[in-house]
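Engineer: Have a look at this one before I ask anything.
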Amino acid sequence: MKRNLRILVLFVLLMIFWLVLSARLDPLFLVIGVASAAWIAWYTIAVVDSETGEHREGGGFNPLALIVYIMWLFLRQVVSGFSLAWVVVNPKLAPKPGVFRFRTGLEPPAARAILANSITLVPGTNTIEVEGNLFTVHAFNAASAADIAEAKVQRHIARIFRVPPDDPPKLEWEPLYDPDVADQHPDGDIEVDGTGGVR
């Protein structure tokens, strides 16, 4: 997407935000809104570009992929919420919390910010720390980390920013999970290596 078009899109979004907040259509408010939105869009586009990554021909940001991701994330929140509730109410299942670290290949800072916040938004996982491409996450149990271990979340975000998708990362757990305990196995086809890490 060319720079002028990106400025126009940002201006329109800011103007809509202004109208929603002010809830007024008087000429004075419209003039102030247009002037403010235009000034902010013009002077902050460089910051937006640096946070969303390099813009290649055809654009570096896919709004349709963002909408798809929001719907997918909402569905994952519902499914994960019910899964956690089942573990809590079922006396045969005990939560096995742990902390794990993994690295992502997502380069744009905005992509990493979305990943960190998405992890926290889904019940069962909470982003503790982000240092460059290294994420530290607390999980309710190993199954809560399945979407990350299979790189489902990372692939959705990669589509939004049109960058190469992540391969499934190796999760380094603290404490290490016992692969012989059934309720500690993550969902999906995830290999447990010899050191107790989950891939």
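Just so it is clear, none of the values below were taken in a lab; they were calculated from the coordinates. Note that the structure is a prediction, hence the values are computed from the model and not measured. Cβ sites come from the backbone with ideal geometry, for glycine too, and all protein chains shown count toward neighbours.
Engineer: For Leu121 and Val34, FRET efficiency with R0 = 45 Å and r from the beta-carbon atoms, rounded to 0.05? Walk me through the intermediate numbers first.
Structural biologist: On the way: r = 34 Å, r/R0 = 0.75.
Result of the calculation: an efficiency of 0.85.
Engineer: Taking other Cβ within 10 Å of each residue's Cβ, how do Asp167, Asp147 sort, fewest first?
Structural biologist: Numbers: Asp167 11, Asp147 26.
Final ranking by Cβ density, sparse to dense: Asp167, Asp147.
Engineer: Sequence-distant or interchain residues sharing an amide H contact under 5 Å with Leu171, placed H: which?
Structural biologist: Val198, Arg199
Engineer: Turning to a different aspect of this structure: Sort Tyr43, Tyr69 so that the residue with the fewest other Cβ atoms within 10 Å of its own Cβ comes first and the one with the most comes last. Walk me through the numbers on the way to the answer.
Structural biologist: Details: Tyr43 10, Tyr69 19.
Taking fewest neighbouring Cβ atoms as first place, the list is Tyr43, Tyr69.
Engineer: What does the net charge come to around Trp72 if you take all other residues with beta carbon closer than 13 Å to its beta carbon, with K and R at +1 and D and E at -1?
Structural biologist: Working: positive: Arg76, Lys152, Arg155, Arg159; negative: Asp147.
Net charge around Trp72: +3.
Engineer: Among Leu115, Leu75, which comes first, second and so on when ranked by fewest other beta-carbon atoms within 10 Å? Each step should come with its number before you reach the end.
Structural biologist: Working: Leu115 22, Leu75 10.
Ordered by Cβ neighbours within 10 Å, fewest first: Leu75, Leu115.
Engineer: How much length is gained on full extension from Leu75 to Ala46, taking 0.36 nm per residue of separation minus their Cα-Cα distance? Mind showing how you got there, number by number?
Structural biologist: Numbers: separation 29, 0.36 × 29 = 10.44 nm, distance 3.38 nm.
Here the answer is 7.1 nm.
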